[in-house]
């Protein structure tokens, strides 16, 4: 598909930002998103090309605005819901539950 | 397939999962042959970057037979020959390209036509 | 919502913004936690396997692997020949095999040719020899620019090649993974394989850099 992922030759991005002594991951959520993606891939419910196609289906503006592991996370959730492992409603509910717990924890 | 357990992680990563297939297929193109990349714009998954579509390159090497990704993304396992195709900077980018730079792109046989 | 973000990512927030790495939405952090919690609860994911996957790529598999391959090719002409003719097998001699390195090709730099590697469509990269790719390799500017203006990109990384050197950019659009075999730096005839490996940088094996000089 002619999505935002097909970047070769596009103009206007500016310089390549490099980070000296860059860590492998920049945050705990990146570590977990990476590992969950690999672990769920091992079930064999989808293949690598399906994973790529899932990430490519991110809305082009959003693809360009977000970071690499956010692309992975988008693809992971799309596959999890398309293949029936989880529903969007239960993901949203669990997010609210975790947010409430975190909030309660920080107030105590 | 079963849940990936911690004790199986190292072996699973070491083993990997090659997309190369043992199956032999006749080669439609030979090294050194000029080929033109198809100008196709499928709505679903493909591995032809837009910047080579419609352009002419030279087959640099025959990489062997692999799972064809466009079909694989739909769950179909189709074998197809893969080639590394060389494009000059000027072919790809016109007056803004450079003749002393070349881009090598791995392209499946069905993406290519003889030129 | 910002409170959750600061709380969950801690000091990383500062690192992310300093490097203009797109900052995740607080929602992103929550979403990852929600997915993990649901998948563990349903028995689909073993949390210990997640820790093991992370630890593998954070501490065990990285560019030091590739550096060993390059140093061996510099000191052993027969190994270099095997590496250039069947890279997957030659690299497997070190035990570096598997995920995202199943089908390897090594491209050799010479006085006439400089090679660079990219994946314009996603982030393909030879994990067994280089580990996970740095953010810049996966970023839009690198993926967009290196196929169109490799000399300008190389100059941005601090390297200018002679005008008569041809630059070859390898776009990893299929399942073949590329590793650059850089030229052995001058003045290293007395160094053994182990010391040579220390000169081989990750960027030299992507082609956006050159090996360190022994005096540097």
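Miscellaneous remarks
- Region A:37-46: number of residues that are out of contact with any helix residue (DSSP H, G or I) (no Cβ under 6 Å at 6 or more places or on another chain) and at the interface with another protein chain (Cβ under 7 Å from one of its Cβ atoms): 4
- Being surrounded by 15 or more Cβ atoms within 10 Å (Cβ to Cβ) and more than 7 Å from chain C (Cβ to nearest Cβ) is not true of residue A:102.
- Here the condition is being over 23 Å from residue B:1 (Cα atoms), crowded, with 20+ Cβ neighbours inside 10 Å and more than 7 Å from chain C (Cβ to nearest Cβ); of A:88, A:56, A:92, A:62, it holds for A:56 alone.
Yes/no per residue for (1) in contact (Cβ under 8 Å) with a residue 12 or more places away in the chain; (2) out of contact with any helix residue (DSSP H, G or I) (no Cβ under 8 Å at 6 or more places or on another chain):
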{"site": "B:29", "(1), (2)": "yes, no"}
{"site": "B:38", "(1), (2)": "yes, no"}
{"site": "B:54", "(1), (2)": "yes, yes"}
{"site": "B:74", "(1), (2)": "yes, yes"}
{"site": "B:88", "(1), (2)": "yes, yes"}
{"site": "B:92", "(1), (2)": "yes, no"}
{"site": "B:99", "(1), (2)": "no, no"}
{"site": "B:103", "(1), (2)": "yes, no"}
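- Only residues that are part of a helix (DSSP H, G or I) and in contact with a strand residue (DSSP E or B) (Cβ under 8 Å, 6 or more places away or on another chain) were counted in region B:71-109, giving 4.
- Selection within region A:20-33 - more than 7 Å from every other protein chain (Cβ to nearest Cβ) and crowded, with 23+ Cβ neighbours inside 10 Å: A:30
So that you can scan it fast, the table gives a plain yes or no per residue for (1) farther than 16 Å from residue B:87 by Cα; (2) free of Cβ contacts under 8 Å to residues at least 40 places away in the same chain:
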position	(1), (2)
C:134	yes, no
C:138	yes, yes
C:145	no, yes
C:148	no, yes
C:155	yes, yes
C:164	yes, no
C:169	no, no
C:173	no, no
C:177	yes, no
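- One residue stands out in region A:3-14 among those that are without any contact (Cβ under 8 Å) to a residue 12 or more places away in the chain and more than 7 Å from chain C (Cβ to nearest Cβ): the one that is surrounded by the most Cβ atoms within 10 Å (Cβ to Cβ), namely A:11.
Results for (1) buried (at least 18 other Cβ atoms within 10 Å of the Cβ); (2) more than 14 Å from chain C (Cβ to nearest Cβ); (3) outside any loop (DSSP other than H, G, I, E, B), shown as yes or no for each residue.
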residue	(1), (2), (3)
B:13	yes, no, yes
B:25	no, yes, no
B:28	no, yes, no
B:36	no, yes, yes
B:45	yes, no, no
B:51	yes, no, yes
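- Output for region B:71-115, where each listed residue is more than 11 Å from chain C (Cβ to nearest Cβ), over 16 Å from residue B:29 (Cα atoms), crowded, with 19+ Cβ neighbours inside 10 Å and within 14 Å of the chain's Cα centre (by Cα): none
- Hey, residue A:17 surrounded by fewer than 15 Cβ atoms within 10 Å (Cβ to Cβ), free of Cβ contacts under 8 Å to residues at least 60 places away in the same chain and part of a helix (DSSP H, G or I) or not: no
- Within region C:93-124, the set of residues being in a loop (DSSP other than H, G, I, E, B) and either under 19 Å from residue B:82 (Cα atoms) or within 14 Å of chain A (Cβ to nearest Cβ) (or both) comprises C:98, C:99, C:100, C:101, C:102, C:103, C:119, C:120, C:121, C:122, C:123, C:124.
- A count restricted to region C:57-76 and to residues that are within 14 Å of chain B (Cβ to nearest Cβ) and either surrounded by fewer than 20 Cβ atoms within 10 Å (Cβ to Cβ) or touching a helix residue (DSSP H, G or I) at 6+ places or on another chain (Cβ under 6 Å) (or both) stands at 5.
- Of the listed requirements (1) surrounded by 19 or more Cβ atoms within 10 Å (Cβ to Cβ); (2) within 11 Å of chain A (Cβ to nearest Cβ), residue C:90 misses just one: (2).
Since every read-out is calculated from the coordinates, none of them should be taken as a lab result. Computed from a prediction, not measured in an experiment: that's the story for all the values here. All Cβ positions, glycine included, derive from the backbone under ideal geometry; neighbour counts span all protein chains shown.
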